[in-house]
Structures are given as C-alpha cells and as structure tokens.
Amino acid sequence: MARFLIAALSCLLTFAAAPALAITLEQAMADPDWIGPPVEQASWSVDGTAVYYRLKQKGTPVRDLHRVVLATGSDNIVDPAAMANADGTNIVFDRARRYAAFLRNGDVFVRDVASGRLIQVTRTPQHEESPQFSADGRAVQYRTNNDWFVFDIASGVTAPAAVIKTEKDPEAKKPDELEELQLRLFSTLRQDKADRDAKKKSEEKFQSDDPSRAPLPIYVGDDVEITGSALSPDGKWMLLTTTAKGYDAGKVAKLQKWVTESGYEEQEDERTRVGRGDPVPESLLLIDITQRKSHKLSYDDLPGIKDDPLKSIREENEKDKAARKKEEQAAQEKASSNESANLDNKSGKNANAKNDAEDKDKNKDAKPKERTLKVADTQWSRDGHAVAVMLRSVDNKDRWIATVDLAGGKLVTQQRLTDPAWINWGFNDFGWSMDDRTLWYLSEETGYSQLYSKLPGAKARALTQGDFEVSHPQLSSDGQWFYVRANVDAPCSYDLYRVPVAGGALTRITTLKGLDEFELSPDGLQVAVLHSSPYVPQQLAVVAADGSAAPRELTDTRTADYKALTWPELQVVGVPSSHTKTPIWSKLYTPAGFDANAAKKYPAVVFVHGAGYLQNTTLGWPNYFREQMFHNLLTEHGYVVIDMDYRASEGYGRDWRTAIYRNMGHPELEDLIDGVNWLVANHAVDSKRVGLYGGSYGGFMSLIAMFRAPEVFSAGAALRPVTDWTSYNHEYTSNILNDPQIDPIAFRRSSPIEFADGLKGSLLIAHGMIDDNVLFQDSVRLYQRLIELRKNDFEIAPYPMERHGFVHPDSWYDEYRRIYKLFESNLK
C-alpha cells in the first residue's frame, strides 16, 4: 500500500491555473499538424556519432528521415542523395564487431565498422528481413519471405542457405506394379534407368561437394505450407513453422464501401469472426541442412499439453443449456390451455426431442479436442549451437519456452507459464545472453511482468522483482546489463532502468516519468530515448547509459501556436475501489476556480478509454490527445471530467488485467460507478447529471453503463462500439471469453445487446461505416434491437468514409459536436 501512497504524490501534476488561449472544438478536432508531429523510430548510426529519427511532414502522411549529429547538434533531413550512405534500423554486429548489418527500404546493407565502407547486399522488389551474422562472422544471413540466403562478405557472392521445397521427394517414389513389370521384362529399359540414376548420383555428389554451386533441394512434403523459418548462424540447421495445406480458416464476409472514387459501391473482405474458424495449428520441422533431412518435433512432452483447461467451463455451459431447455419446455406446457394446444404441445415435445438429438449430435464438435499450438517466436544463440522456441496454446491458457535437442530431435521445456484466464499478449520477449548458454525471458508468473534468466535445465533466477511491470528488455553491447522500461516509481510513471545480467540491484537511469521507447548506442555508453509528457508529444533525447548525466534534448517539434497554450491543472488520482484493495488510477479535470466543498453542484462526464488492455492514466502523451483537449474544453463549460483506468487496463499487473475473464463489462462498470460515487462524495458532482462516452472498448462500456446502470448515467455516447462479442475477431475475444460454441454463457453475460432493454437515458451511437475492426454491422444490429424494444431517446451517426480510427477532421468535429450537444442537452 505504501507504493500507492508514493504514487499518489508522484503522479500529481499542476500546470498554470488557466489557459492563455482557450481551446475550441474546431481546433481540438483539427488535423494534429497544428500541434506538431511526434518523433518516431529513433535509431543510431553504426559509429554512434549520430541519431536518426522519422518525422511526419505537414499536410501529408509522408515521413522524413532526420539525422542529428551529436557533436554539433545539427539536425538535417536526409535527402535522396544522402540516403545512399545512411544507416538503417535494428543494427546487428558480428561477434568481433568488425561489421554491422541493417535494413533500409527493405534491402540489406553491411557496413565495415573500421573504414565506414557501405556494401549494399540486395536491391530487390521483395522486402528482406531478419539480417544476422554467421557464427564465424564471415557472412550475413537474411530472409526473403521464408527463404534464407547467405552473403559472403569477402567474395560478395550470395547463395541460398537451403532450398526447401513443399513437394514430395521424387526419390522416395516407389515404382507401381506396371513400372516394375516393364523393368523386369525389358533389359533396355533397365539399362537406360541405371544410366540415368548413375548420372544423377554423380551430379548430386558434385553439387553437394562443390561450394560454388547452389545446395540440393530438401523436400518436406506436399501436405504443408511454410509460415515461418529461422536459420542457425552456423548454417547447419533450420526450424520451419508449418501448417496443414488447405486448412479452413472460416467464413469471410464482405464489407461494403458506399462513398468511392469510382462512384459505384465496392466491397472488401472482412475478418473472420470469433469461433467461426479455428486458428490454424502450427507444427515445427527441424531441418538438418547438411544431411538434407527433416524431422517433425513432437509436442507430447510439453507439460500440460494433455490437459483440458476448459473442461469445467464446458460442463457449466452444458448444465446451463439443459436448465434453459427445461425452462422453455415448462413455459411451453404452461401456455397450453386447451386440447388443441395440448396437441400442439405434444408436437412441440416431439420437436424438442428431435432438437435434443440434434444438439447432442452437434455437441460432438464441442468435446475437447487435442490442444493445438501456435509458434510465437524462435531464437538461435549466436554460435548456432542452441535454439529456443516459444509456443502458445490456441486455447490461450499456456505458453512454453523450450529448447531443441538438435541431436535427439526433440523439444525440452525450459519454462511453462499457465493462466486459468489467458496468457498476456505482451511480455513475451525472450532470447540468449552473450555467453550463448543462458536464456532470458519475461514472465507474468508472479502477477507482474518481470525479467528472468536461466541455464537450460537449471532453476530460473528472477533478475527483477516487485509489484510493477518490466518490458522492452535490451542487452548492452558488452553483455553485462539488461536495460528495461518499467513503472517502478508509480503505475503512471515510466522510466529507464538497468540490472546486471548476473543479477543485482535494479538501477534507475532516467527520471523522465514519460519514457516511451529507447535504443542503446552501439558502444553501449548512451541511450536514445523517446519520451513525452501529458501535453508534449513524443520527443528525442540522449542520456548516459549509466544515468550519470541529465538527458540532452535533441528535438522540440511543437508548433508556436501549440506552445502558446498553457493548460489547466491536471491531477492523477487514486479513486478508492469498493471491490479491490487497489485504487482505480484516474485523470481528473476540474473547472477553473473549482471548489469541491461549494454548495454548487457540477455536471460530470466519465471518459472510458478504448482497447480494454490500454493504460491512459500515465505521465506521457496520451493515446487520446484530442479527447484530452475536449476534456479541458468541457471544464471551461462547467463540467468535472474523470478518465479512469478501470479493471482490464494495462500497467497494473495480471489480476487487474484478468478481472474481466468470462465477465466483460461487469468489473469495469463497478469501477466506473465507484468513480461517480467518489465524485459525488468529494467533488461536488450532481449524481443526477452524469454522462459518459468512449470509443471501441470504451464504446462497449458506454453501452454497458447505459443499459445496466441507467440510474447512474443519464446520457452516453458509444463510439464504434462492440455490441455483441460474437461478432468480434477471434484473436482478442477468444482470450477473454473463450469460443462462443464452448462458452455461450460468457458471451451472453458480456454483450451489450443482451441488456439493451435497460436503456432509459439518451444514447448516441457513432460508427465509421467502413470500420474493418469493429464492424458497422455491430451498431446496425443494436439499432434494430432498440427499435424493436421501442426505446425513445437514441440516435445513430454513421460516417461513410471512416474506419475504426477516424482520420478526417470533418468527421472528428461532427462526432464531438454531437457528443457535446448530447451532454449540454441532458446534463445541464
């Protein structure tokens, strides 16, 4: 609890008492070029003397590449002529640090560190990926799609590392009966075949022994498709991720576009919906390149692979289904009041018996299947002698990190992370330390993401510990330190820390409180950091890697108009929760001259952030910067506004994240109501004049609040909302609610359309008509449901040229004009 008291102090922000120039709705919703673009994609030059970054041009989506020379501080746009000698991103060095390899515009480049000479390895229409050095440092390996190539630095020759063919091995074909008969009867045919075989064998021997020729093909069968590949740095092994060829991914519907350049309606494919096509199971093939052999790695030895984590949920749903059917039959029998009705009832019983039989037959598909896995990532040690893979179960309950016994051709589990709810989407980084023997990884096993290391087969060692989240681990160039982003000081405050690879104290490097991203310099002595604050978009600075000096700021991209504004007081507060011991961290906006003890009562607006798993109460530039300006505008008109990191939000650990498992909308609503009650009790808010709004997940929650707590919320705006989780995507939804075929209880419990009858206040629904994330159909279906329920005060605002995230200022302005009008009409 002491940490949260510290957090309350460290998260309190105070700015000037009033803006020098009041923000208008038109300006808040305008193209953000008037603010100034955030700095993006910071990277180092190979020699560490300069830092590159990307910056959006005014009025276009084009990004310029900038280069800042640290010695002079000069910041110049890299023009096309200078681009030929520029360095790229994700630079990798050979073990001796003689050469550096990187990607630029989808091509591979190598730079001689001592001389600075640049070698362009590829110039192709394809996008090359994953450059790495061979174990001996003499070559650069890179991937094009799933094919690997090797560039020999000395000779300048490029060759395939292996030729993988998804075909049957022609040599494995056995002659049929007719062919055997022909060869037995005719000696000439036998001789011709023997000559061909001898010639082919001789050619293959020369090809395999002659290093100047391309390698012979390796056949992996015609029943698989290759979806991923990883080459060992010593060039002897390859791991392939494969799926069964022709696997049915489920039905894909069409999304309609109404306003088009052609003047005709156009269509595009939508995504697959949850439960309408199982994720494709993935297998691992170990390829012995030298022996030209492939071997499928078995998952049978993974701990827990035989478990059925959904067994109790299946049973619960079967009981619920039986109880519902019994209630329906009882109601049907009760409704029968005469002989004719009784005859109908008998036929109804027969129909029910038939339906029972059909359901029983359908339930065969609902029985537990063999657990299927997805290959999340593969990491080779730099010497190529060891490889680790991360596997995730399709049911979302398990994650394994396993090494591969190359000689034995089997997986050896090093860590299993299991969760009765779901494994986090993030915090899955892992790799090898510089000694090529020690694994490191992030894991949420304590309830918070922490960094671990272990020798394969030995016990893991926690390098970081505490009730905070660690992410983005980077190894220093000397292999002695891990650098991480963490919110140690307070949940809302992120900074750069480092910890010794061998274990030791976690040391704070920056005190920025709004660290977003970082990149270590090639020599490991400096760190380029992208950082921000609530009213300053992401900027670039350089800090000493040991934290010995204050950051050197390299950019300030804000416009003069934006810098002329000063902002009202902003507070980050911990709202007491009536359901957890942890406070609900929130941003509070109050009018100028606000008096919490005044007799005057204020109207209030609750903002609900989107994405579900997203943190908006931080000391950095918010995802919702337009909304932040809108909140300040609302305070100018007498509103109190609160923006809450309800349960399910990022940044607060596993229990906060998984509180919504099989129960979306319920814990979050409890938190929102706690926020309203806190405002009423402590901030002079009128309990009868409270509204809320939000987009995406925030739109979903706005609907849940309006339908399930109409006594609390008088008006609400649901923007691009999920109205029925059975219509959302598989990747996100199945983690939290399982599949609708397995767990219909969770979907009924969590979908706003099931609670639409509870609407009493004023509701605005706003949705982009070409939204390819939350489909426009979601809002249309809910609208029809409200019509049939004969609700009075609801409207829909469709936006024909917008997808999930609006991009046109006219649409932004129209949407927020309607939201403001909704609040003015109902809360004033």
### Query
Any idea of the accessible area per residue across the chain, 1.4 Å probe, to the nearest Å²?
46 Å²
#### Entry: Surrounding net charge for residue 499, when Lys and Arg each add one and Asp and Glu each subtract one, Cβ distance under 14 Å
+2
### Exceeding the 21 Å Cα-Cα cut-off - candidates 205/245; 56/563; 296/454
205/245; 296/454
#### Entry: region 700-828 shape via C-alpha gyration tensor axes, a/c threshold 1.5
oblate
#### Entry: Cα-based shape type of the chain, given that a ≥ b ≥ c are square roots of the gyration tensor eigenvalues and the cut on a/c is 1.5
oblate
### Task
List the trypsin sites (Lys or Arg not before Pro) within region 424-482 that fall in a DSSP loop (any state other than H, G, I, E or B) and whose Cβ has at most 12 other Cβ atoms within 10 Å.
459
### Summary
Summing -39500 (n - 2.57) over every DSSP H run of at least 4 residues in the chain and dividing by its residue count gives a helix-only mean residue ellipticity at 222 nm, to the nearest 500 deg cm²/dmol, of -7500 deg cm²/dmol
#### Entry: Net charge of neighbours whose Cβ lies under 13 Å from the Cβ of residue 572, counting Lys and Arg as +1 and Asp and Glu as -1
-2
### Contact order normalised by residue count of the chain, Cα under 8 Å, 6+ apart, percent
11 percent
### Summary
Restricting to lysines and to Cα separations under 23 Å from residue 334, and discarding same-chain partners fewer than 8 apart, the set is 319, 321, 325, 326, 346, 349, 354
#### Entry: Gain upon complete extension [residue 95, residue 329; 0.36 nm per residue less C-alpha separation]
76.9 nm
### Rounded if a/c under 1.5, otherwise prolate or oblate - region 607-690, Cα gyration tensor axes
oblate
### Query
Once you list every other residue whose beta carbon is under 15 Å from the beta carbon of residue 81, what net charge do they have if Lys and Arg are +1 and Asp and Glu are -1?
0
### Query
lysines near residue 828 by alpha-carbon distance under 30 Å, same-chain residues fewer than 8 away left out - which ones?
587, 600, 601, 688, 760, 791
## Note on the structure
With +1 at each Lys and Arg Cβ and -1 at each Asp and Glu Cβ, the charge dipole magnitude of region 371-530 around its Cα centre, to the nearest 20 debye, comes out at 500 debye
### Message
Would you work out the Kirkwood radius for region 179-249? I mean one over the mean of 1/r across all pairs of different Cα atoms, in Å.
### Response
16.2 Å
### Query
Which loop-located trypsin sites (Lys or Arg not before Pro) does region 133-227 contain, where loop means any DSSP state but H, G, I, E or B and the Cβ has at most 12 other Cβ atoms within 10 Å?
173, 213
### Task
Quantify, in whole percent, the carbon and sulfur part of the accessible surface of the chain (1.4 Å probe; protein heavy atoms only).
50 percent
### Query
Say the dipole of the chain comes from +1 at the beta carbon of Lys and Arg and -1 at that of Asp and Glu; which of 145, 744, 591 then lies farthest toward its positive end?
744
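The values are calculated or read from the model by the stated rules, or taken from the named source; none is laboratory data. Model, not experiment: these values are computed from the prediction. All Cβ positions, glycine included, derive from the backbone under ideal geometry; neighbour counts span all protein chains shown. Just the protein is used for accessible areas: all its heavy atoms, side chains included, with ligands, DNA and RNA removed. Shrake-Rupley method; radii C 1.70, N 1.55, O 1.52, S 1.80 Å.
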